[in-house]
Amino acid sequence: HHIVEVTDLTHTYPDGTMAVRGISFRIHHGESVAVVGANGAGKSTLLLHLNGYLTPQHGSVRIGDFPLTKATVQDIRKTVGMIFQDPDDQLFMPTVYDDVAFGPLNLGLPPEEVEIRVQDALVRTAVAHLRERPPYKLSGGEKRAVAIATVLAMTPDILVMDEPSSNLDPRARRTLIELLAGFHHTKIIATHDLDMVLDLCERTIVIHEGTIMADGPTLDIFNDM
Ligand code: ADP
Ligand code: ADP
C-alpha cells in the first residue's frame, strides 16, 4: 500500500517556467526518500504539491486514501507535516510554546490534549528547555528543531522537508540527522546534504529540469554517478 502517489504531475508558473514536467512516483508507508537535483530542478515545486500549497494543474497527488484536491487544509496538516527551508517562515509567535501549540489549538483540541502534544513534540525534538523562549532569539539548529516540533504536534504520518540542514553548522547538522533518524514517519527530504541522504534515505529520486532522471536505492544511485 502506498501512502503517497504522484501521477504525471506538471506545474508551470504564471511566467511560463515549466518547473515540474510529468513526474510520477509512489512511496510506501515508512519509506525515507531523498529528492536531489541542482538548484532550479523543481524540488521545491514538487514538495509544495505534497501538502496542498500548490494544486496540480495537470496530473494528481494522492496521500493516504484521498486525493489532495478532496482534502481540507486541516486534513492535510494532520497527515503531512511540511518543514520549510527557512524556519523563520514557520515561527511567528512570541514563544516556542505558542508556536507549537498553534496547530493543535486550531484543531480545537482541549487544553490538556494541546499541552500533552506540545510537551511531547518538544521532548522528541530535544528543545523542551526552550519552551518559554522567543523563537527569533534561537540558534539556527534550535529554530529548525522547533519548526519540526510545530509539525509533530499535528501527529502527521508523513514529514516533507525542504533542505532541512541548510544554514546549519556541522554539529547542528549531525544533531538534526540523528533526530530525524529516530522518527518512524514516512520522510521525503529535498536536500544537497550527502550525509543526510546516505544516513537517512534508503531511496533517492534525482530531479533534473522538472523530470525524474533516476529513482532507486540510494547506494545504487550514488554508485552510478
Ligand atoms: P529547486 O527547489 O529544485 O531549486 P524550484 O522548484 O524552486 O527548484 O524551481 C524550479 C523552477 O521554477 C526554477 O526555474 C525556478 O526559477 C522556477 N520558479 C520557482 N518558483 C517560481 C515562481 N514563484 N515563479 C516563477 N518561477 C518559479
Ligand atoms: P501511531 O502513534 O499509532 O502510529 P499516530 O497517528 O499518533 O499513530 O502517529 C502517526 C505517525 O506519527 C507515526 O509514524 C508515529 O511514529 C508518529 N508519531 C506518533 N505520535 C507522535 C508524536 N507525539 N510526536 C511525533 N510523532 C509522533
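P87 satisfies every condition listed in (1) away from ligand 2 (no atom under 16 Å from the Cβ); (2) modelled with pLDDT of 95 or more; (3) buried (at least 22 other Cβ atoms within 10 Å of the Cβ) except (2).
So that you can scan it fast, the table gives a plain yes or no per residue for (1) within 23 Å of A190 (Cβ to Cβ); (2) touching a residue at least 60 places away in the same chain (Cβ under 8 Å); (3) within 16 Å of ligand 2 (Cβ to nearest atom):
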position	(1), (2), (3)
V35	yes, yes, no
S44	yes, yes, no
L48	yes, no, no
G52	yes, no, no
T55	yes, no, no
K78	yes, yes, yes
L109	no, no, yes
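What residue, of G22, G59, G16, is assigned to a loop (DSSP other than H, G, I, E, B) and at positive phi? Just a single option satisfies the conditions, and that option is G16. Within the option set V114, V127, V123, being of a type in the set (V, I, T) and surrounded by fewer than 18 Cβ atoms within 10 Å (Cβ to Cβ) holds for one residue only, V123. Looking across the range 150-195, just one residue is within 13 Å of ligand 2 (Cβ to nearest atom), charged (D, E, K, R) and either surrounded by fewer than 18 Cβ atoms within 10 Å (Cβ to Cβ) or within 20 Å of V96 (Cα to Cα) (or both), and that is D157. Could you check the range 90-138 and list, in sequence order, the residues that are polar (S, T, N, Q), modelled with pLDDT of 95 or more and in a loop (DSSP other than H, G, I, E, B)? Across the range 90-138, the qualifying residues are T95, T125.
Of the residues in the range 60-70, at least one is surrounded by fewer than 20 Cβ atoms within 10 Å (Cβ to Cβ) and modelled with pLDDT of 90 or more. Can you spot a residue in the range 174-187 that is among the charged types (D, E, K, R) and in a strand (DSSP E or B)? Looking through the range 174-187, at least one residue is among the charged types (D, E, K, R) and in a strand (DSSP E or B).
The values are calculated or read from the model by the stated rules, or taken from the named source; none is laboratory data. In this text the structure is predicted, and so the values were computed from the model without any measurement. Backbone-built Cβ (ideal geometry, glycine too); neighbour counts: all protein chains shown.
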